[in-house]
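Notes to accompany the following structure.
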Amino acid sequence: MKVTAIAPSNIAFIKFWGKRNSVLNIPYNNSISMNLDSVSTTTSVEFLSELIEDEVVINDQAASEKEKQRVVKHLQLIREMAGIRLFAKVISENNFPKSAGIASSASGFAALSVAGARAAGMRLSPTALTRLARRGSGSASRSISNGFVEWIKGTSDATSVAKSIHSPSHWAIADVIVITTLGEKQISSTEGHDRVVSSPFYKARILGMPEKIREIKSAILKRNFTNFGNILEEEAINMHSVMMTSMPPVLYWSPQTVEVMRAVWDWRSAGLESFFTMDAGPNVHIICEEKNVQLIHQRLMNMSCVQKVLVGRPSVGARVLEVEK
Ligand code: PMV
């Protein structure tokens, strides 16, 4: 059976940075995100008796050894759960350029989990799929559920799960993704997660989390864009402060990142409301209401530091596209 699944990428408003358990990917705090309709991975998985090892193709090319090892590890987990021993052929395609510096691990492991579990003959519940995806990459757990999602940190494999808090239609907001640097090598998030405890600010970050989560959930529920935006922007700076004060330091911002951050502040003081957030890379995600997408897009196109702009809107989560027998 060949199963094809698609999964969206997601942007976190409250971030996952730091693991309590790095084997199970149990985080120190809950995180909140929105799935993005225009940035996705489509993956097909087929377990075949004629294979003598797993075969992994990503964007029409054989996966690098490092990429392959991560996929094989996830396939191994799926085989153990399903009680099968066959190797698999995995073909995965991102609809965004690899060099764009958009992390593909969230959409990638979500799509691999959905396609792989079904191809292995399992019918996992949506919650069980969030647990499986989490093992591949923490943020992938949030790409399984629909729309606006909370990943509950939990304390064990069984309790660390993601859940939809609102459907995609709840709120017409958008993520204007500003690609500032093409193809730059980064410190991987896996390496970054391991360094957090060395930051003197990490404890304070974690202590403030429950209150921040409560406040942002209330702002999302009430569609209070100003409160929501202030929290998500503070949160991005908070996470990056922890990154920069880790030992050795993790600095993802480039001069272009800062230029876009400052532009967002200038626009905001002149009445155009939008807020920024950044993940483990130099690109900036500008979160705005749908009515402002076009104007922000235009302004970005006039900035010489901007390489490319993508717009992501709230999306459903991962799903099976096709089952071929
Ligand atoms: O899922 P990972 O291990 O690649 O970590 C994701 C980390 C951030 O993107 C920086 C934050 C997040 O919550 O998505």
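Read-outs throughout are calculated quantities, based only on the coordinates presented, and are distinct from any laboratory measurement. Worth saying up front: this structure is predicted, and the values here are computed from it rather than measured. Note: ideal-geometry Cβ built from the backbone for every residue, glycine included; neighbour counts use all protein chains shown.
Take Ser22 and Asn95, extend 7 Å from each Cα along the Cα→Cβ direction, and tell me the distance between the two endpoints in nm.
It works out to 3.5 nm between the two label points.
I need the calculated FRET efficiency for the pair Leu86 and Thr190, taking r as the beta carbon distance and R₀ as 35 Å, to the nearest 0.05. Spell out each step's value before the answer.
On the way: r = 28 Å, r/R0 = 0.80.
Efficiency, rounded to the nearest 0.05: 0.80.
Roughly how many nanometres apart are two label points built 7 Å out from the Cα toward the Cβ at Thr155 and Ile206?
Those two pseudo-labels are separated by 1.4 nm.
Pairs Lys73/Lys98; Lys68/Lys212; Lys15/Lys66; Lys19/Lys222: which are spaced more than 27 Å apart, C-alpha to C-alpha?
In this structure, Lys68/Lys212; Lys19/Lys222 lie more than 27 Å apart at Cα.
Which angle between 0 and 90 degrees, to the nearest 10, do you get for helix 255-269 versus the longest principal axis of the chain when only C-alpha atoms count?
Roughly 50 degrees, rounded to the nearest 10.
Can you give me the orientation-averaged projected area of the convex hull built on the Cα atoms of the chain, in nm²?
Approximately 15.8 nm², given one-decimal rounding.
Once all Cα-Cα distances of segment 35-157 are split into 10 Å bins that start at 0, what whole-number percent is in each one?
13, 47, 32, 7, 0
Output ³J(HN,Hα) for segment 66-82: one whole-Hz value per residue in order, computed from phi by the Karplus curve 6.51 cos²θ - 1.76 cosθ + 1.60 with θ = phi - 60°, and x for Gly and Pro.
5, 4, 4, 4, 5, 5, 4, 4, 6, 4, 4, 4, 5, 4, 5, 5, 8
For a Förster distance of 25 Å, can you work out the FRET efficiency between the beta-carbons of Leu51 and Arg123, rounded to the nearest 0.05?
The computed FRET efficiency comes out at 0.60.
How far apart, in nm, are two points set 7 Å out from the Cα along the Cα-to-Cβ line at Lys325 and at Glu65?
Inter-label distance under the simple model: 4.2 nm.
For Thr245, which sequence-distant residues (separation of 5 or more, or a different chain) have an amide H within less than 5 Å of its own amide H, given hydrogens modelled in the peptide plane?
Val250
Tell me, in nm to one decimal, what length is gained between Ser198 and Ala172 on full extension, where the rule is 0.36 nm per residue of separation less the Cα-Cα distance?
Full extension from Ser198 to Ala172 adds 5.5 nm.
Length gain on complete extension for the stretch Arg268 to Cys305, per 0.36 nm per residue less the alpha carbon to alpha carbon distance?
11.4 nm
Among all the aspartates and glutamates, which ones have a C-alpha under 18 Å from Lys325's C-alpha, if same-chain residues fewer than 8 places away are not counted?
Glu46, Glu50
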